[in-house]
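A short worksheet on the structure shown next.
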RNA sequence: GGACCCGUAGCUCAGCUGGAUAGAGCGUCGGCUUGCGGAGCCGAAGGCCAUAUGUUCGAAUCAUAUCGGGUUCACCA
């Protein structure tokens with residue numbers, strides 16, 4: 001349709017224009033373009049005059065049932081019902097503008113030896129959904145995870161753990177699986193506290209941190225290996241519970257370290273400078289800040305490991321793009337690491353992209369792991385469950401996860417999420433539960449009747465037309481979400497879609513009506529579209545709840 | 001202090017590749033109700049889109065400045 005208009009503009013005014021059709025307020029028509037106003041300047045003529053001239057030609061094509069010029073020079077199009085119905089039935093035609101690429105994305109990266117909280121859930125859910133978008137865009141997607149299994153935080157946990165075990169690993173084995181997360185969380189918190197308050201403990205923890213690279217005792221190895229395994233089990237379980245798709249590989253900092261350090265050394269001097277024994281990258285020249293990649297004691301730091309990780313990913317997958325989703329605190333930091341990586345390894349140019357998220361704040365106040373004021377993910381599941389059951393519904397993890405995912409995904413990537421448990425759990429308004437319910441309700445109608453009817457364009461009511469037109473918009477919305485890697489567009493759309501359906505539903509009887517076959521067909525397309533959209537968000541669309 | 005991000009209704013947010021009267025949800029107030037699942041629908045009130053200047057036929061959207069908030073600034077991760 002837009003190419004047709006471009007063509008007419010060219011014939012009439014000999015100008016190449018970039019005609020984009022937008023969806024105006026329904027009162028104006030089905031589609032709209034402001035091309036006349038854009039042409040006003042180059043042509044030196046009044047926009048309405050140009051619009052009128054274009055409108056005449058456009059009417060002659062016979063493709064539109066109505067062409068209007070309105071306002072300062074908009075051209076509004078109304079198409080025939082047949083076109084609306086056709087478009088609603090062909091929503092899967094998402095044209096991917098770019099050709100398929102190989103893409104790597106970290107869909108979760110919590111550290112072992114620490115507990116997972118709501119912030120980890122946010123990161124994992126968003127990253128996984130972005131991976132879904134990359135899937136939809138026909139890329140070859142590898143979902144991976146990355147975990148910090150070495151360093152200071154390990155030292156802190158090991159300090160408490162070794163004291164707890166006191167030479168007897170059996171003391172860990174007797175801890176029931178259900179209590180491990182809390183236990184590990186406490187171990188880390190205790191070690192953290194000791195590190196801050198006690199100089200002797202600090203020295204010991206520093207040594208235990210060093211041992212995460214080169215263990216000095218058999219018991220260290222035993223405890224470390226067991227707790228690390230526990231952590232990964234825990235992480236995998238929770239991430240799956242959140243509705244994330246499985247990852248294909250787990251990268252570890254302990255593996256990345258060697259690669260990174262070697263690369264840093266190979267480019268010193270040059271990319272890196274030596275300063276008091278440390279190897280430093282002058283990130284301040286690249287919109288970041290000066291940062292040590294290798295410490296004065298020769299040990300690799302976080303940045304070196306991220307650099308090494310980029311190499312590992314490249315060796316394994318040779319991706320055209322590699323996405324890392326992190327909190328905004330790491331934004332400048334990653335700018336530096338990426339700049340350094342591109343200088344050391346030209347083949348990594350323009351590959352790694354850091355997508356930074358906002359922070360999760362609790363409506364009750366700031367979240368702080370130090371004060372223990374964090375929302376534990378298991379607790380959150382329980383809250384959703386209770387709220388749904390309080391409404392007389394039955395809930396399982398899949399439904400609770402859907403509600404949770406939506407809460408995180410509905411805001412623009414980069415915005416903070418203010419997580420109000422009561423609001424998230426309220427189940428009314430713009431929530432995942434509303435959409436899940438909307439889907440279940442539509443499915444229940446479909447259960448009661450025979451399918452096989454067809455939508456009849458000649459009898460569309462205004463509500464039916466609005467609903468079908470909204471359904472037809474699906475492809476455009478998903479395309480935009482994929483292009484921008486912003487899932488929230490889909491959330492906004494699906495909510496509007498469900499609202500449109502509820503208006504239709506309020507106005508029309510489906511079952512038993514003389515137009516039953518026609519309406520059932522509409523409900524069916526609607527339910528499928530809603531389900532598909534929720535699917536992209538990783539939200540399960542239940543048939544009943 | 002430097003760099004980056006943000007400031008839209010009482011609250012939480014969309015809208016930002018410049019376009020028609022700035023939209024939702026929650027909350028408030030008022031309707032609908034013998035219903036295919038009311039977790040709904042309809043309506044009302046509520047906005048100098050932080051402020052100022054500029055660019056433009058046209059600015060919530062772009063630019064500059066100011067004010068207010070956040071993040072970050074090497075041997076932690």
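Worth a mention:
- Output for segment A:166-196, where each listed residue is more than 24 Å from residue A:377 (Cβ to Cβ) and surrounded by fewer than 18 Cβ atoms within 10 Å (Cβ to Cβ): A:166, A:167, A:168, A:169, A:170, A:171, A:173, A:174, A:196
- Of everything in segment A:479-489 that is part of a helix (DSSP H, G or I) and within 11 Å of RNA strand B (Cβ to nearest atom), the residue that is surrounded by the most Cβ atoms within 10 Å (Cβ to Cβ) is A:481.
- Hits in segment A:282-292 - residues which are touching a strand residue (DSSP E or B) at 6+ places or on another chain (Cβ under 7 Å) and more than 8 Å from RNA strand B (Cβ to nearest atom): A:282, A:283
- Exactly one residue out of A:496, A:476, A:514 is surrounded by fewer than 18 Cβ atoms within 10 Å (Cβ to Cβ), more than 7 Å from RNA strand B (Cβ to nearest atom) and part of a loop (DSSP other than H, G, I, E, B), and it is A:514.
- Condition met for residue A:159 (part of a helix (DSSP H, G or I), without any contact (Cβ under 8 Å) to a residue 24 or more places away in the chain and touching a helix residue (DSSP H, G or I) at 6+ places or on another chain (Cβ under 7 Å)): no
- Test: residue in segment A:432-454 that is under 27 Å from residue A:21 (Cβ atoms), surrounded by 17 or more Cβ atoms within 10 Å (Cβ to Cβ) and in contact (Cβ under 8 Å) with a residue 60 or more places away in the chain: no
- The residue that is nearest to the chain's Cα centre (by Cα), counting only those in segment A:110-156 that are in a loop (DSSP other than H, G, I, E, B) and more than 26 Å from residue A:200 (Cα to Cα), is A:137.
- Pairing residues of segment A:101-129 that are within 17 Å of residue A:416 (Cβ to Cβ) and in contact (Cβ under 8 Å) with a residue 60 or more places away in the chain with residues that are within 14 Å of RNA strand B (Cβ to nearest atom) and in a loop (DSSP other than H, G, I, E, B), at Cβ distances under 6 Å and at least 6 apart in sequence or on separate chains, gives A:120/A:110.
- Tally, over segment A:54-79, of residues that are more than 10 Å from RNA strand B (Cβ to nearest atom) and surrounded by fewer than 18 Cβ atoms within 10 Å (Cβ to Cβ): 10
- Residue ID - nearest to residue A:133 (Cα to Cα), chosen from residues in segment A:415-444 that are part of a loop (DSSP other than H, G, I, E, B) and more than 6 Å from RNA strand B (Cβ to nearest atom): A:431
- In the set A:98, A:91, only one residue is modelled with pLDDT under 90 and loosely packed, with under 14 Cβ neighbours inside 10 Å; that residue is A:98.
- Restricting segment A:1-24 to residues that are near RNA strand B (Cβ under 8 Å from one of its atoms) and at pLDDT 90 or above, the residue that is nearest to residue A:465 (Cα to Cα): A:24
- Looking across A:377, A:399, one residue alone is within 30 Å of residue A:511 (Cβ to Cβ), in contact with a helix residue (DSSP H, G or I) (Cβ under 7 Å, 6 or more places away or on another chain) and modelled with pLDDT of 80 or more. It is A:399.
- Elements of the type strands (runs of 3 or more DSSP E) sitting completely within segment A:197-315 and holding at least 2 residues that are at pLDDT 90 or above, buried (at least 21 other Cβ atoms within 10 Å of the Cβ) and at negative phi: these cover A:278-282, A:290-294.
The values are calculated or read from the model by the stated rules, or taken from the named source; none is laboratory data. Predicted model, so just to flag it, every value in this text is computed and none were measured. When we count neighbours, we look across all protein chains shown, and the Cβ atoms used for this are built from the backbone with ideal geometry, even at glycine.
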